[in-house]
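Chemist: Just dropping this structure here.
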Protein chains: 4
Amino acid sequence: MLARVSTNPAFKRLPRAVREQQMLDAAVKVFSRRGYHAASMDEIAEDAGISKPMVYAYLGPKEDLFVACLHRECTRMIEAIAGAAAPDLPPDERLWRGLRAFFGFVGAHRDGWSVLYRQTRGEPPFAGQLATMRARMVEVIAGMLDDALRAQGREVRETDLEVIAYALVGASESLADWLADNPTADPEKTATRMMNVAWLGAGQLIEGAVWRPADG
Amino acid sequence: MLARVSTNPAFKRLPRAVREQQMLDAAVKVFSRRGYHAASMDEIAEDAGISKPMVYAYLGPKEDLFVACLHRECTRMIEAIAGAAAPDLPPDERLWRGLRAFFGFVGAHRDGWSVLYRQTRGEPPFAGQLATMRARMVEVIAGMLDDALRAQGREVRETDLEVIAYALVGASESLADWLADNPTADPEKTATRMMNVAWLGAGQLIEGAVWRPADG
Amino acid sequence: MLARVSTNPAFKRLPRAVREQQMLDAAVKVFSRRGYHAASMDEIAEDAGISKPMVYAYLGPKEDLFVACLHRECTRMIEAIAGAAAPDLPPDERLWRGLRAFFGFVGAHRDGWSVLYRQTRGEPPFAGQLATMRARMVEVIAGMLDDALRAQGREVRETDLEVIAYALVGASESLADWLADNPTADPEKTATRMMNVAWLGAGQLIEGAVWRPADG
Amino acid sequence: MLARVSTNPAFKRLPRAVREQQMLDAAVKVFSRRGYHAASMDEIAEDAGISKPMVYAYLGPKEDLFVACLHRECTRMIEAIAGAAAPDLPPDERLWRGLRAFFGFVGAHRDGWSVLYRQTRGEPPFAGQLATMRARMVEVIAGMLDDALRAQGREVRETDLEVIAYALVGASESLADWLADNPTADPEKTATRMMNVAWLGAGQLIEGAVWRPADG
DNA sequence: TATGAATGAGCATTCATTCAT
DNA sequence: TATGAATGAATGCTCATTCAT
């Protein structure tokens, strides 16, 4: 029934916004390490250097906490990509820059990627959220392809475009996953490889074609 | 006089192998629905129509049970693909048959696919297993590409091939995932689309190129 | 993760029905002592000489457990009263026997009475249940009074009867409460007193009237 | 220059006594709605429009707060009744006025009644307090009866009187309870009914006797 | 005075796992 | 073989209470 607060002088009473970020950092880390279910609120709180009730006070129960992680990481990623792939570039350049930003993000936020991608997919309560996010990505890419087609005066059934975009997203995710597991790998190079597959296709690659970044 | 264990005609003392398959069926179903952690041994036992101690007696603790599921589904899938993509076919035909078999399998075993792909990826204790399996797939595909290259008297660094193969596998997984979530979708058509992206690449698709199965 | 079952040879694996009664006994005792909220499932389990999961397995969560207690005690009480107050007796005799059975029950099951009456009334989730039970009692008593009236060729508005019955029930509850708190008090005597107030009223009592049981 | 604590006109630095009443109001409301244990200090503070530490500063920990509620409501009720039932009236008139005041109070302070009666009874830590208060009421009523007896030159054992008084109090509580649950019911009428049962008893009521207030 | 920030401690509930029959 | 009975060990969540500002 007693509650004795630490008298450690190094202890700081931080404003809410700061503590929330600390908590999210810890949560992303722990969720990524253990998976959603195996992650315990105890470990997250401890890792954040704060007591459990504060986590609940600020970010709510476990599910909400996970969703908050998702949102933060997702926003960061989308911003990184959207900031790089300006809409007025030619399609291949746009795709290239987007991919570079994407792999750059994954390389720099491996934990975030794990939470976003691996954990979310397997947990029924959140799978829907992920599907929605991915659908947005797919739409953007499909739109990109569509623009390119129209510029050539051609057209393709929307479903086809969507499925193609799905495949591209999937391939990128897979490489990102590989990147997250290989800390020594170079994001830039991974992006280049992805661009080759995506743009040229296995057929042309076999024929010896190569795509190279204009600036590298 | 004979000793009768039970006179209830509904009661069946099934041979071990059959019982094990029933349990695995139930386990795959429940794991797929709930995810590894959220799945309870109680539900699995009940779904298998058997008591919990029997599950333990036959397949061991939860982890072992999950691994057993993984193995069974994985074996089935690899057999399906390997049986279709005969090594003496030309590379595009081989790829095409492999993809067709793959999507056919996913369409027919959605639960198995979910366990294999979604659940396993998010659960740290098993992620390694999945990585190993996928590495085998990647190796096969990379080998396929390598064969094609050598046939043309050309060569590519192994790492590059591997990454390309990774991308192809990832794209397939992504479409498979989409297929698993869209019960009305046609596996055959999905395979065709995948083949187009994989073989021709986005660049050529934009130019209007199309790949079509020889037999359809 | 280990679960080692006691090897104490005095330990007995009891059939479900027995264990359930033990649990209910313990629960009634603890609820009565502590009140619904302050009672912990731990204490109940320990008092029942069994582990918590068994309580949950057999009787469900705390709320259900409490309701089960209510039901058992209520049934016992109603049976005791109904068995005593045969409908073919004259009204005063019937009332008298009912009261005697009631106070007898309370004297013999003080814990049960506390759960039934004190705890239930204060806890919003269960107050409704108690109200329903009491309404049944009231109805019975009102019916008894009504019979007596009709036998005299007279009639009273139903609401009035109901309120009178309410008052009688309340007075009995209050005395029961007093009885439960005074372990040395005699249930029989308490019943007699209650009968005096109920039947004669304060006015006549002041005038010196006395009601006495025919058989005592 | 004057030091201004706040320029916000909505902000009011209220005198301590007022603040305390606000808090008690909130506490009574919340305790009545939720019950002692289920009521949270958070909700009480919020309902009082003040921060939690203030509640502690003014009224101490939860137990003290509840006791304060009890005291206030109890005092109010006793004052209402004592003010109405002047000791120089004839016994029936005195009883009648007391009952009228009592039911009037309950009708006007349903929350207070609930705290006083329902919550307190179920919570072991406070049950004693309630018993004491009720004992005072009982004593008063018993005294009233005793006066009436002596006026007739008669006498009854004290215990008997006490038990009778207990029954009357209990009956009143029960009707009060009913009244608190039926917001449309008329306190005056309820008092009349109670008076009938109390004064005449079931026996006479069956015979057709009726008691009516002199002034109504 | 007044409050946001903080916590120790407890509690209901569930689950994988095993024993005795 | 087959299962009902049983439990240790967590884990999510809440609450009364207090400190630092």
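Chemist: So if I check each of C:Glu79, C:Glu162, C:Glu158, C:Glu139, which one is loosely packed, with under 15 Cβ neighbours inside 10 Å and within 20 Å of D:Gly208 (Cα to Cα)?
Modeler: On inspection, the qualifying residue turns out to be C:Glu158.
Chemist: Follow-up. Determine whether B:Arg150 is more than 16 Å from A:Asn196 (Cα to Cα) and within 7 Å of chain A (Cβ to nearest Cβ).
Modeler: no
Chemist: So, C:Ala17, is that one within 16 Å of DNA strand F (Cβ to nearest atom) and surrounded by fewer than 19 Cβ atoms within 10 Å (Cβ to Cβ) or not?
Modeler: Yes: the conditions hold for C:Ala17.
Chemist: Oh, and also: Among the residues of the stretch D:179-201, is there at least one that is buried (at least 20 other Cβ atoms within 10 Å of the Cβ), touching a helix residue (DSSP H, G or I) at 6+ places or on another chain (Cβ under 7 Å), within 16 Å of C:Val169 (Cα to Cα) and of a type in the set (Lys, Arg)?
Modeler: Yes, some residue in the stretch D:179-201 is buried (at least 20 other Cβ atoms within 10 Å of the Cβ), touching a helix residue (DSSP H, G or I) at 6+ places or on another chain (Cβ under 7 Å), within 16 Å of C:Val169 (Cα to Cα) and of a type in the set (Lys, Arg).
Chemist: Select, from C:Asp111, C:Asp88, C:Asp25, the only residue that is more than 14 Å from chain D (Cβ to nearest Cβ), part of a helix (DSSP H, G or I) and either within 16 Å of DNA strand E (Cβ to nearest atom) or of a type outside the set (Ser, Thr, Tyr) (or both).
Modeler: C:Asp25
Chemist: Of all the residues that make up the stretch D:104-126, how many are under 18 Å from C:Ala38 (Cα atoms) and buried (at least 17 other Cβ atoms within 10 Å of the Cβ)?
Modeler: Selection size over the stretch D:104-126: 8.
Chemist: Let me ask something else. Tell me whether the stretch A:161-168 contains one or more residues that are more than 10 Å from chain B (Cβ to nearest Cβ) and over 14 Å from the mean Cα position of the chain (by Cα).
Modeler: no
Chemist: When A:Glu79 is evaluated against the numbered criteria (1) modelled with pLDDT of 95 or more; (2) away from DNA strand F (no atom under 12 Å from the Cβ); (3) of a type outside the set (Val, Ile, Thr), which criterion, by number, is the only one it fails?
Modeler: (1)
Chemist: Quick check, is C:Leu99 within 16 Å of DNA strand E (Cβ to nearest atom), under 27 Å from C:Ser172 (Cβ atoms) and of a type in the set (A, V, I, L, M)?
Modeler: For C:Leu99, the condition - within 16 Å of DNA strand E (Cβ to nearest atom), under 27 Å from C:Ser172 (Cβ atoms) and of a type in the set (A, V, I, L, M) - is not met.
Chemist: Quick check on the stretch B:170-193: of everything there that is in contact with a Ser or Thr (Cβ under 6 Å, 6 or more places away or on another chain) and within 9 Å of chain A (Cβ to nearest Cβ), which residue is farthest from A:Val156 (Cα to Cα)?
Modeler: B:Gly170
Chemist: Working only within the stretch C:31-40, note down all residues that are in a helix (DSSP H, G or I) and under 15 Å from C:Glu63 (Cβ atoms).
Modeler: C:Phe31
Chemist: Of all residues in the stretch D:31-64, which are of a type in the set (A, V, I, L, M, F, W, C) and under 17 Å from the mean Cα position of the chain (by Cα)?
Modeler: Correct list: D:Phe31 only.
Chemist: So, in the stretch D:114-137, of the ones that are aliphatic (A, V, I, L, M) and more than 9 Å from every other protein chain (Cβ to nearest Cβ), which residue ends up farthest from D:Ala86 (Cα to Cα)?
Modeler: Looking at the filtered set, the residue picked out is D:Val115.
To keep it simple, each residue is scored yes or no on (1) of a type in the set (Lys, Arg); (2) at pLDDT 95 or above; (3) over 16 Å from D:Gly60 (Cα atoms).
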residue	(1), (2), (3)
D:Arg4	yes, no, yes
D:Thr7	no, no, yes
D:Arg13	yes, no, yes
D:Arg19	yes, no, no
D:Leu24	no, yes, no
D:Val28	no, yes, no
D:Asp42	no, yes, no
D:Ala45	no, yes, no
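Chemist: Being surrounded by 16 or more Cβ atoms within 10 Å (Cβ to Cβ) and of a type in the set (Lys, Arg) is the filter; apply it to the stretch C:34-69 and report the residue that is farthest from DNA strand F (Cβ to nearest atom).
Modeler: C:Arg34
Chemist: When the residues of the stretch C:67-111 are filtered to those that are free of Cβ contacts under 8 Å to residues at least 60 places away in the same chain and acidic (Asp, Glu), which remaining residue is farthest from C:Thr184 (Cα to Cα)?
Modeler: Looking at residues that are free of Cβ contacts under 8 Å to residues at least 60 places away in the same chain and acidic (Asp, Glu), I get C:Asp88.
Chemist: Yes or no: the stretch A:58-66 includes at least one residue that is in a loop (DSSP other than H, G, I, E, B) and without any contact (Cβ under 8 Å) to a residue 60 or more places away in the chain.
Modeler: Among the residues of the stretch A:58-66, at least one is in a loop (DSSP other than H, G, I, E, B) and without any contact (Cβ under 8 Å) to a residue 60 or more places away in the chain, which makes the answer yes.
The values are calculated or read from the model by the stated rules, or taken from the named source; none is laboratory data. Nothing here was measured: the structure is a model prediction, and the numbers come from that model. Glycine also receives a Cβ, built like all others from the backbone with ideal geometry; neighbour counts cover every protein chain displayed.
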